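The values are calculated or read from the model by the stated rules, or taken from the named source; none is laboratory data. What you are looking at is a predicted structure, and each value in this text was computed from that prediction instead of being measured. Every residue, glycine as well, gets a Cβ built from its backbone with ideal geometry; the counts of neighbours run over all protein chains shown.
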Amino acid sequence: MSVPTTTDPVERARVAAARESWAEAYELLHAHDRHPSRGLTADDLSVLADAAWWSGHVDESVTARLRAHAAYLAADDHRGAGLASWWLYYEYAGLGRPAAAAGWLHRARHHLEDLPDCPEQCFLEMTAAEEASAHGDHGTALAATRRMTALALACGSPDLLALSRQAESRVLLAAGRRTEGLALLDDAMCAVSAGELSGMVTGWLYCLALTQCMEAADFARAVEWTNAAMEWCAPPWTGRPQDRDTAAGPATEDFPAAAAPLPMTVPSGENPFRGVCRAHRVEVLDLLGAWALAEAEARQACREVPVDCLESAAAAYYAAGDVQRRQGRLEAAAVSYGHAHELGRIPQPGLALLRLAQGRADAAVAGVDLALACRSDPDHDVLGRARLLAARTEVALAVRDVPGAATAAADLDALSGAADGDVPLLRALADTALGSVALAEKRPGALLPLRRALAGWLELRVPYEAAQVRMLLAAACRAAGDEEAARLELGTARAVFERLGAVPDARRAAALLSGGSRRRLPGGLTAREAEVLRLVASGGTNKDIARALVISEHTVARHLNNIFAKLGVGSRASATAYAYAHDLV
């Protein structure tokens, strides 16, 4: 016997919301609310607020939530009013209105704290844990997450239990208890992958877990859950197919320099978590060396990110800047880093490395040092600090500050060693830094950490960093007199750089590969002049050569004048012909 379908739009909206058909629920309630035959209840207004958020109408969501709070208050329903207050705190915080957010959090506490235990208090405990953890009070934060877990178990809510597991895992990771923290995070993600949770909590947990994995430098989990998150985001949420490939545009297109970096509001009916998850995917693709796809996905993420998640758009712009910098597209990288900065992200260490590539070594040193000094909570984002220390090592070596590089490398080694359990990404970063310092100090022990670093990057399947280590290994092998091993490393590195489109690095590898012999250089050229000549012969401009050798264009011009004088030539073409004739290329 079939159940008759109701014609009441509010009842139909409730049914649609129960099956998480948010676009349908929004259309029904929005239309009814404009011309109501009867007023919406507080619960119906809460459904309208949820449906408006899912449909990309954040302002309408806040308005409906304000009305729901007033209706709950009029009915003397403090649990309903408390939950509505907490959601207003959450939405105002996402919209960048901290004063309004703080006011609504205070109201949520006023409504809920003196009530008997109830599920709504879980959100207060979650917020209390976040606040305590932000102040480094891990004991208070942990106690709050465990109260949250007790409340979740008492009410039998899978959503609240999974959120409590995630909250506790975050506190444990911040406290350095990595093994315990990741075990709890895995527990929460089991509920996600099994489809046990609501859409809102599923989206939350994907976003939170991906952030935690990258901050904890757990690259394997980041790859696995990024793929799962994108699969969850992929189905059409309104029955309409979504074109996810052509929307991103050509992979080589730069972000528009003049465009304001403000993402579009998520189109009605699409999953608002998709842009945030895609922004996380960009960072994974970047490390895996899928640079063209990473840049295209970054562009698409900035179109999809909702206005209350602009930090994800900032992360996408930053990742695109890293790709562009390593490909030698320095002006495009500067634009992308600028957009990331406008959206609230400090674009380091990428910006410092960009300044180094531009020959502005002083700016590079100042930028990375300031970023390290400003990290008030080094335990919160372990990978972020590790990357800054790795960049500090690279910048210091470029300006011949070997003691400064050694200090940064030692700090990075200590950070890796302090981690609870094996962290391959941190270990590879540390070994790369230690090996590069040993090489600069001309110590015989450079090969061991560099070979460990190469094995680590290869195991992680991170090609660019592996190729960079091969360049260092080649130098160490040459210093040890093993020219054949050096040429093998340089040849492999050059092939990887060419495949990735890392043009400056490919040119540098080619120049070193062709100039490996220790024979007497023709024409009285110095080793540096021969290096400049090889880059000229490979088609490099003065600017290209300056970037590749990390020197100024003025210094390149001076080298060229000396080369022309020594060889008795008057043009780059003649110098190139000389280079080929004397087997310098």
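Quick look at the numbers
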{"item": "Pairs, first in contact (Cβ under 8 Å) with a residue 60 or more places away in the chain in the range 559-585, second among the hydroxyl-bearing types (Ser, Thr, Tyr) and outside any loop (DSSP other than H, G, I, E, B), C-beta under 6 Å, six or more apart", "result": "VAL585/SER514"}
{"item": "Residue in the range 200-217 that is under 19 Å from the mean Cα position of the chain (by Cα) and not in a helix (DSSP H, G or I) present", "result": "yes"}
{"item": "Any hit, the range 36-43, residues being over 28 Å from the mean Cα position of the chain (by Cα), closer than 18 Å to GLU24 by Cβ and part of a helix (DSSP H, G or I)", "result": "yes"}
{"item": "Subset tally (residues that are surrounded by fewer than 18 Cβ atoms within 10 Å (Cβ to Cβ) and part of a helix (DSSP H, G or I)) for the range 148-176", "result": "5"}
{"item": "Test for ALA102: is it farther than 20 Å from ARG14 by Cβ, at pLDDT 95 or above and under 28 Å from the mean Cα position of the chain (by Cα)", "result": "yes"}
{"item": "Residue match in the range 520-532 (condition: of a type in the set (Ser, Thr, Tyr), surrounded by fewer than 16 Cβ atoms within 10 Å (Cβ to Cβ) and over 41 Å from the mean Cα position of the chain (by Cα))", "result": "yes"}
{"item": "The listed residue being surrounded by fewer than 24 Cβ atoms within 10 Å (Cβ to Cβ) and either modelled with pLDDT of 90 or more or under 18 Å from the mean Cα position of the chain (by Cα) (or both), out of ALA371, ALA320", "result": "ALA371"}
{"item": "Any chance SER133 is on the phi < 0 side of the Ramachandran plot and surrounded by 15 or more Cβ atoms within 10 Å (Cβ to Cβ)", "result": "yes"}
{"item": "Selection count, the range 356-412, where residues are within 21 Å of ARG547 (Cα to Cα), part of a helix (DSSP H, G or I) and of a type in the set (Asp, Glu)", "result": "2"}
{"item": "Lone unmet requirement of (1) within 33 Å of the chain's Cα centre (by Cα); (2) farther than 19 Å from GLY359 by Cα; (3) touching a residue at least 40 places away in the same chain (Cβ under 8 Å) for ALA546", "result": "(2)"}
{"item": "Pairs, first free of Cβ contacts under 8 Å to residues at least 60 places away in the same chain and over 22 Å from ARG400 (Cβ atoms) in the range 428-454, second among the β-branched types (Val, Ile, Thr) and assigned to a loop (DSSP other than H, G, I, E, B), C-beta under 8 Å, six or more apart", "result": "ALA428/VAL462"}
{"item": "Elements of type helices (runs of 4 or more DSSP H) in the range 534-585, at least 1 residues being farther than 30 Å from ALA364 by Cα", "result": "553-567, 572-581"}
{"item": "Boolean, ALA23 is under 29 Å from GLY275 (Cα atoms), among the aliphatic types (A, V, I, L, M), part of a helix (DSSP H, G or I) and in contact with a helix residue (DSSP H, G or I) (Cβ under 9 Å, 6 or more places away or on another chain)", "result": "yes"}
{"item": "Cβ-Cβ under 6 Å pairs, at least 6 apart or on other chains, the range 25-47 side outside the structural domain of ALA81 (by TED's automatic domain parsing), far side surrounded by 23 or more Cβ atoms within 10 Å (Cβ to Cβ) and aromatic (Phe, Trp, Tyr)", "result": "none"}
{"item": "Residue satisfying condition, being part of a helix (DSSP H, G or I), outside the structural domain of GLY96 (by TED's automatic domain parsing) and either of a type in the set (A, V, I, L, M, F, W, C) or touching a Leu at 6+ places or on another chain (Cβ under 6 Å) (or both), within set VAL335, VAL307", "result": "VAL335"}
{"item": "Which numbered condition GLY523 fails, given (1) at pLDDT 85 or above; (2) in contact with a Lys or Arg (Cβ under 7 Å, 6 or more places away or on another chain)", "result": "(1)"}
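This table checks each residue for (1) within 26 Å of TRP291 (Cβ to Cβ); (2) at pLDDT 95 or above; (3) surrounded by fewer than 20 Cβ atoms within 10 Å (Cβ to Cβ).
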residue: GLY417; (1), (2), (3): no, no, yes
residue: ASP420; (1), (2), (3): no, no, yes
residue: VAL423; (1), (2), (3): yes, no, no
residue: ALA430; (1), (2), (3): yes, yes, no
residue: ALA433; (1), (2), (3): yes, yes, no
residue: GLU441; (1), (2), (3): no, no, yes
residue: PRO444; (1), (2), (3): no, no, yes
residue: LEU448; (1), (2), (3): no, no, yes
residue: ALA453; (1), (2), (3): yes, yes, no
